[in-house]
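Here's the structure, in structure tokens; my notes come after.
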Amino acid sequence: MNILAINGSPKRNGTCSTILNALVDRLSAPHNKITQYNLNSLNIHGCQECFYCRNKKTDICAYKDDISEILEMAKKTDIMIISTPVFYSDISAQLKCFIDRTWSYYGITGTSANHLKRNRTLVFILSYGYNNSGIYDQLYEKYKVYFNMFGFDNCYLIKAYGAQYYKTEIINNNEVSDMIDFVSDKICN
Ligand SMILES: Cc1cc2nc3c(=O)[nH]c(=O)nc-3n(C[C@H](O)[C@H](O)[C@H](O)COP(=O)(O)O)c2cc1C
């Protein structure tokens, strides 16, 4: 299986990357090809609204930066793992750059992305400071709609709450570990 793992946190060693790396470790096997990106280390930009994809009826984004390669990989990958901290009740700006650029996936028809591979898996990792389990579930629900359209029919949320930057522990660590077990079992079986 091809696995694409994207860390959307500016921190290389924060909560998001800790959970993402733990899941990646669980999925490491000779038959899995894992590619990892730290968006914050890359030259990334959001959608430029050039409408090249719409005008040319292509799913290739005309704007060339480090997101170009990730966009192509995300079209084909079997599993995508995305992690983001919650910043001002939303995903990180780094991850938003990537998600906005997936607008090119709709370029062929202008409305759908049905040509992309179906029955794929998305794992969405959220980390945030509030010690409230459900407060940002709507973020996952919101973005899941788009990833469903891109063929990620099987979606899972792993969330670390109460994960303030000045604390090192993950408050719901057991829940996070259980979800990592659950998701990796689902993916591997
Ligand atoms: C700019 C900024 C905005 C934040 N906004 C929120 C917020 O709206 N809600 C929240 O619960 N935590 C918020 N936080 C806390 C982070 O979501 C939290 O520390 C997260 O666990 C960081 O994950 P990381 O270590 O993987 O980067 C914010 C932190 C920063 C730096």
Apply the Karplus parameterisation 6.51 cos²θ - 1.76 cosθ + 1.60, with θ equal to phi minus 60°, to every residue of segment 158-169 and state each ³J(HN,Hα) to the nearest whole Hz, in sequence, with x for glycine and proline. 10, 10, 10, 10, x, 8, 6, 5, 8, 10, 9, 7
Where a label projected 7 Å from the Cα of Glu72 along Cα→Cβ would reach, residues of segment 114-132 with amide N under 18 Å: 116-117
Over the chain: helical MRE at 222 nm, DSSP H runs n ≥ 4 each giving -39500 (n - 2.57), nearest 500: -11000 deg cm²/dmol
Net charge near Val183: determine it from the other residues with C-beta under 13 Å of the C-beta of Val183, scoring Lys and Arg +1 and Asp and Glu -1. -2
Per-residue Cβ neighbour rank within 10 angstrom, fewest leading, Thr84, Thr102: Thr102, Thr84
Selection of chymotrypsin sites (Phe, Trp or Tyr not before Pro), segment 114-172, meeting DSSP coil and at most 11 other Cβ within 10 Å: Tyr165, Tyr166
Sites removed, the longest contiguous part of the chain containing no DSSP-loop GluC sites (Glu not before Pro) with at most 15 other Cβ within 10 Å is 50-168
Under a Cβ-Cβ cut-off of 14 Å, what is the net charge of the residues other than Lys76 that fall near it, where Lys and Arg count +1 and Asp and Glu count -1? +1
Positive minus negative residues near Ile60 (Lys, Arg vs Asp, Glu; Cβ under 15 Å): +3
Going 7 Å from the Cα of Ala22 in the Cα-to-Cβ direction, what parts of segment 136-160 have a backbone nitrogen less than 12 Å from that spot? 158-160
Diffusion coefficient in µm²/s returned for segment 2-188 by Stokes-Einstein, Kirkwood Rh over C-alpha pairs, 10 °C and 1.306 mPa s, is 95 µm²/s
Could you give the length gained on full extension between Phe182 and Arg54, defined as 0.36 nm per residue of separation minus the Cα-Cα distance, in nm? 42.1 nm
Exactly which chymotrypsin sites (Phe, Trp or Tyr not before Pro) in segment 1-80 are in a DSSP loop and have at most 15 other Cβ atoms within 10 Å? Phe51
Rounded to the nearest whole number, the per residue volume of the convex hull around the C-alpha atoms of segment 47-136 in Å³ is 113 Å³
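Read the figures in this text as sums done on the coordinates, not as results from a lab. Just so you know, these numbers come straight off a predicted model, no measurement behind them. Here the Cβ is made from the backbone with ideal geometry for all residues, glycine too, and neighbour counts use every protein chain on show.
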